[in-house]
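Each remark here refers to the structure printed beneath this line.
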Amino acid sequence: MKAAVLNEIPGSLRIEDVSIDAPGPREVLVRTVAAGLCHSDLHFMEGTYTTAVPAVLGHESAGVVEAVGSMVDYVGPGDHVITCLAAFCGHCEDCLGGHPARCQRKGADLVRRPGEPSRLSRGDEALHQFLHCSSFAEQLLVHEHALVKIRPDMPLEKAALVGCGVTTGLGAIFRTARVDPGSDVVVIGCGGIGLSAVQGARIAGANRIIAVDMHTSKLELAQSLGATDVVNASSEDPVAAVKELTGGGARFTFEAVGLKQTAEQAFRMLRAGGQATVIGLIPIGTMVEVHGVELTNEKTLAGSNMGSTRFRTDMPRYVDMYLDGRLNLDEMISGTMALEDINDGFARLKTGIVARQLITFG
Ligand SMILES: NC(=O)c1ccc[n+]([C@@H]2O[C@H](COP(=O)([O-])OP(=O)(O)OC[C@H]3O[C@@H](n4cnc5c(N)ncnc54)[C@H](O)[C@@H]3O)[C@@H](O)[C@H]2O)c1
Ligand SMILES: [Zn+2]
Ligand SMILES: [Zn+2]
């Protein structure tokens with residue numbers, strides 16, 4: 001099958017012929033229908049984060065089950081599924097405590113054992129499976145705990161977005177911060193994650209939803225998805241603008257860029273008792289600093305991993321929200337492309353001008 005392989009870091013992706021194994025116990029083989037380009041893939045390509053290479057990248061996808069291995073009764077051939085990197089072991093303290101996105105055992109329990117053939121390979125060489133998914137490929141072979149079954153009337157291209165961006169943004173609002181109706185929300189960064197957070201704030205009944213970005217086109221998109229106010233950070237100081245708009249500071253702020261500067265802005269925009277939630281991946285080794293005295297005002301600096309999702313519960317709910325019209329996914333898709341054009345897609349993502357782009361498999 002064709003797959004996009006990262007051979008070195010930093011590096012771009014190369015389309016290669018890759019072998020995928022037959023499903024073993026508790027594994028599911030999926031025909032990929034669509035896969036989204038997330039900025040997290042780009043972080044690994046650029047080396048702000050690292051992974052074992054060679055690896056098949058991609059982690060936001062949906063498709064149709066082709067075959068299942070032994071002991072799988074959750075799905076069967078023909079079922080529609082969304083994959084998720086927040087795979088869960090199901091028996092650790094975090095999983096059993098209701099926080100499966102924090103599961104620390106997935107790296108040990110959901111992968112093949114040493115000595116077993118690799119799920120993905122190139123000739124005799126094993127290829128690393130990226131974030132339990134490796135979505136930039138015509139097929140996926142994943143542990144059954146890395147996917148969720150969804151209703152068959154959900155268009156799979158739209159469902160792919162739910163695999164990371166939508167769940168991360170909505171989950172940060174609903175699960176990590178638990179935004180309550182009537183509160184003021186700020187979202188810094190209007191890519192796939194930030195636009196999803198804007199929509200989550202709208203669905204949660206936030207009062208003011210202030211979107212911050214560097215590009216007017218992204219701010220217009222944020223407005224069409226629920227932002228009540230916008231701040232262009234290329235021409236205004238976002239902290240001063242938010243303080244002015246909110247009369248002193250916001251109750252909830254969300255950083256969806258991945259920079260020290262924007263994470264610190266998210267904290268400085270808070271009113272007393274406010275919470276800043278950092279979703280963006282800050283480069284490894286970078287410190288985020290806050291004035292200690294501000295903690296006395298009961299401000300919180302929090303992080304969110306995949307929107308603290310319980311994805312087997314959350315993703316089908318988000319699918320329902322799309323199908324009943326509450327969640328808009330169509331406008332979040334800036335374009336679709338073939339796997340061969342993936343590096344052009346990442347070049348566009350880097351400019352900040354596009355929202356979500358999808359690879360579709362014919
Ligand atoms: N925590 C998690 O579980 C998780 C999950 C998925 C993605 N992420 C991270 O979230 C971040 C956003 O991902 P994405 O795919 O939406 O990215 P993206 O590139 O699509 O969007 C980023 C947006 O931020 C804007 N921006 C850049 N610099 C800015 C600044 N100084 N001020 C305001 N806006 C600015 C860009 O114009 C762009 O619209 C990335 O760091 C990604 O790795 C985290
Ligand atoms: Zn992602
Ligand atoms: Zn676990």
Would you say residue 126 is within 16 Å of ligand 2 (Cβ to nearest atom) and either open to solvent by 10 Å² or more (accessible area, probe 1.4 Å) or closer than 25 Å to residue 195 by Cα (or both)?
no
Check segment 103-119 and report whether any residue there is loosely packed, with under 14 Cβ neighbours inside 10 Å, at positive phi and under 22 Å from the mean Cα position of the chain (by Cα).
no
Where residue 142 falls short, out of the listed (1) of a type in the set (A, V, I, L, M, F, W, C); (2) under 17 Å from the mean Cα position of the chain (by Cα); (3) within 16 Å of ligand 2 (Cβ to nearest atom):
(2)
All-but-one check, residue 35 against (1) surrounded by 17 or more Cβ atoms within 10 Å (Cβ to Cβ); (2) within 14 Å of ligand 3 (Cβ to nearest atom); (3) small (Gly, Ala, Ser), failing number (2)
Condition check for residue 47: on the phi > 0 side of the Ramachandran plot and surrounded by fewer than 16 Cβ atoms within 10 Å (Cβ to Cβ):
yes
Could you give me the residue pairs with C-beta distances under 6 Å whose first residue belongs to segment 204-228 and is assigned by TED's automatic domain parsing to the domain that holds residue 265, whose second residue is aliphatic (A, V, I, L, M) and in a loop (DSSP other than H, G, I, E, B) wherever it lies, and which are 6+ apart or on separate chains?
204/179; 206/179; 209/227; 211/227; 212/233; 214/233; 215/353
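Given the structure, is residue 56 more than 16 Å from ligand 2 (Cβ to nearest atom), crowded, with 16+ Cβ neighbours inside 10 Å and of a type outside the set (D, E, K, R)? Before you say what the answer is, go through the steps one by one.
On the way: more than 16 Å from ligand 2 (Cβ to nearest atom): no; crowded, with 16+ Cβ neighbours inside 10 Å: yes; of a type outside the set (D, E, K, R): yes.
It is false that residue 56 is more than 16 Å from ligand 2 (Cβ to nearest atom), crowded, with 16+ Cβ neighbours inside 10 Å and of a type outside the set (D, E, K, R).
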Within segment 191-217, residues away from ligand 2 (no atom under 16 Å from the Cβ) and open to solvent by 10 Å² or more (accessible area, probe 1.4 Å) come out as 202, 203, 204, 205, 206, 207, 208, 213, 214, 215, 216, 217
Can you tell me which residue within segment 226-265, out of those that are open to solvent by 70 Å² or more (accessible area, probe 1.4 Å) and within 20 Å of residue 281 (Cβ to Cβ), is farthest from the chain's Cα centre (by Cα)?
261
Which one of the conditions (1) touching a residue at least 12 places away in the same chain (Cβ under 8 Å); (2) among the aliphatic types (A, V, I, L, M); (3) more than 16 Å from ligand 2 (Cβ to nearest atom) does residue 172 fail to meet, given that it meets all the rest?
(3)
Matching residues, segment 174-190, being crowded, with 24+ Cβ neighbours inside 10 Å and assigned to a loop (DSSP other than H, G, I, E, B):
177, 179, 184, 189, 190
Pick out, from segment 210-290, the helices (runs of 4 or more DSSP H) lying fully within it that include 1 or more residues that are in contact with a helix residue (DSSP H, G or I) (Cβ under 7 Å, 6 or more places away or on another chain) and of a type in the set (Lys, Arg).
260-268
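So that you can scan it fast, the table gives a plain yes or no per residue for (1) farther than 11 Å from residue 137 by Cβ; (2) assigned by TED's automatic domain parsing to the domain that holds residue 256; (3) under 21 Å from the mean Cα position of the chain (by Cα); (4) not hydrophobic (A, V, I, L, M, F, W, C):
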{"site": "6", "(1), (2), (3), (4)": "yes, no, yes, no"}
{"site": "16", "(1), (2), (3), (4)": "no, no, no, yes"}
{"site": "26", "(1), (2), (3), (4)": "yes, no, no, yes"}
{"site": "29", "(1), (2), (3), (4)": "yes, no, no, no"}
{"site": "40", "(1), (2), (3), (4)": "yes, no, yes, yes"}
{"site": "46", "(1), (2), (3), (4)": "yes, no, yes, yes"}
{"site": "50", "(1), (2), (3), (4)": "yes, no, yes, yes"}
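The values are calculated or read from the model by the stated rules, or taken from the named source; none is laboratory data. These figures come from a predicted structure and were not determined experimentally. Counting neighbours? That spans all protein chains shown, and the Cβs are built from the backbone with ideal geometry, glycine included. Side chains are part of the model used for accessible areas, which takes the heavy atoms of the whole protein and leaves out ligands, DNA and RNA. Shrake-Rupley method; radii C 1.70, N 1.55, O 1.52, S 1.80 Å.
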